[in-house]
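Only one structure is covered here, and it is reproduced in the block below.
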Amino acid sequence: MRLRGSASLFGTTLIGAALALSACAQKPIVQRIVPPNPFGYQKVSAVCHVGPVQKAANGALSATMTVRSDDGLCALPVRTAANTNYVSFGVSPAPKHGKAFLYNYDDATYVNYTPSTAYAGSDSFTAILIPGNGQPRVSLTVNATVDATGVVVAKPAVVPPTPAETAHKTKTTTRRRTTKSSHK
């Protein structure tokens, strides 16, 4: 009898555990895909859509990007043909309405673009990627469409004086008076 009681208790425990595990499996796993933030200060834009990297016949790369100008960045990870990061890189020409920042992290080179706050329009820049081992440089042109929907620019707390206010000020000068002294 004692054996039956423990077996039924054991069976109930297994069924309870199985039900608990099945309940866990029913919950969706929320994954947020954001670029790695090894520096700790990078803010990701509320809108960041990156198209696939296209390769031209001459080996040049290009990609499209849609980003909001809310002081956040949009990241584009790229890798060499050997599936590693590039050994060196640069930007030329730089974006006209924002900034580009490149870095290596976990076998990928990240091309980050942050548009100027509240800018709306198009922007583009070219990242020069150097794979190393004597391989030729690769250019990656990023064409960005920047949206400023909902971006509010704070007004400055102190308003600078207008040119009309500064023109009314009079200029004062001080002259030193010289006197003749007589020597006898």
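Any read-out appearing in this document is the output of simple, stated calculations on the displayed coordinates, not a laboratory observation. If you're wondering where the values come from, they're calculated on a predicted model, not measured in any experiment.
Pull out the extension gain between V153 and A120, defined as 0.36 nm times the separation in residues minus the alpha carbon to alpha carbon distance; nm, one decimal.
Numbers: separation 33, 0.36 × 33 = 11.88 nm, distance 1.30 nm.
The span from V153 to A120 would gain 10.6 nm if fully extended.
For the range 81-146, what's the relative contact order in percent, using C-alpha pairs closer than 8 Å and at least 6 residues apart?
On the way: 127 pairs, mean separation 22.5, N = 66.
Relative contact order, the range 81-146: 34 percent.
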